[in-house]
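Below is one structure; the comments refer to it alone.
The values are calculated or read from the model by the stated rules, or taken from the named source; none is laboratory data. What you see is a predicted model; the values in this text were computed from it and never measured. Because the Cβ atoms are built from the backbone with ideal geometry, glycine has one as well, and the counts that use them run over all protein chains shown.
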């Protein structure tokens, strides 16, 4: 499996940041055409009480994820609902693992999971985007769903990377 390297993720972040509104809309259309399930997983957050401003943060993460996939090249499989559900089960399993641990143990578990993740640079970007919004403290169910969705976007790419063809 080829990880999306730091330079690839950095290029994707810069490319999306430099886009105007129309370019972002065009890219969102490409995401819809090529990876519709990823887009739907973000848009459905409105049903969980997310505001448009919160959804925009996840859309930004999705655009960076998609752009990184494109920068990496090769043929990426379409991410299906079944794949998303499997990945979400892993993300939830990791979250449940750290429940009840004390702060140093949580820090160690998160560090190990992050450094050992097959898409560590992309995960670091997504976590930082959510940290900047103050979501990682998870104060309510909406933030929980937003964080799970953001983490699952990366998890799905990690899974898809194992199946992609150059």
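crowded, with 17+ Cβ neighbours inside 10 Å, out of contact with any strand residue (DSSP E or B) (no Cβ under 6 Å at 6 or more places or on another chain) and either at pLDDT 95 or above or not in a helix (DSSP H, G or I) (or both), is that true of residue 77? No, not satisfied. Kindly evaluate residue 8 against the criterion of being over 14 Å from the mean Cα position of the chain (by Cα), in a helix (DSSP H, G or I) and surrounded by 17 or more Cβ atoms within 10 Å (Cβ to Cβ). When the stated conditions are applied, residue 8 passes them.
When region 31-42 is examined, which residues are found to be assigned to a helix (DSSP H, G or I) and touching a helix residue (DSSP H, G or I) at 6+ places or on another chain (Cβ under 7 Å)?
In the first step, residues of region 31-42 are kept if they are assigned to a helix (DSSP H, G or I); the result is 31-34, 36-42.
Hits for region 31-42 are 31, 32, 37, 38, 39, 41, 42.
Among the residues of region 137-146, is there at least one that is touching a residue at least 12 places away in the same chain (Cβ under 8 Å) and in contact with a strand residue (DSSP E or B) (Cβ under 8 Å, 6 or more places away or on another chain)? So far as region 137-146 goes, no, none of its residues is touching a residue at least 12 places away in the same chain (Cβ under 8 Å) and in contact with a strand residue (DSSP E or B) (Cβ under 8 Å, 6 or more places away or on another chain). The condition (being over 24 Å from residue 118 (Cβ atoms) and under 14 Å from the mean Cα position of the chain (by Cα)) is satisfied by just one residue among 59, 55, 13: 55. In region 51-60, of all residues being farther than 16 Å from residue 20 by Cβ and either touching a helix residue (DSSP H, G or I) at 6+ places or on another chain (Cβ under 7 Å) or modelled with pLDDT under 95 (or both), the one that is surrounded by the most Cβ atoms within 10 Å (Cβ to Cβ) corresponds to 58. Taken across region 61-69, residues that are exposed (fewer than 14 other Cβ atoms within 10 Å of the Cβ), closer than 19 Å to residue 14 by Cβ and at pLDDT 90 or above do not occur at all. Within region 109-166, restricting attention to residues that are assigned to a loop (DSSP other than H, G, I, E, B) and touching a helix residue (DSSP H, G or I) at 6+ places or on another chain (Cβ under 6 Å), the residue that is nearest to residue 73 (Cα to Cα) is 119. If the condition is being closer than 26 Å to residue 64 by Cα and surrounded by 10 or more Cβ atoms within 10 Å (Cβ to Cβ), then region 91-106 contributes 91, 92, 94, 95. Can you tell which of 33, 109 is over 16 Å from residue 126 (Cα atoms) and at pLDDT below 95? One residue alone meets the criteria, 109. Evaluation of residue 49 against the conditions (1) on the phi < 0 side of the Ramachandran plot; (2) in contact (Cβ under 8 Å) with a residue 60 or more places away in the chain shows that the sole unmet condition is (1).
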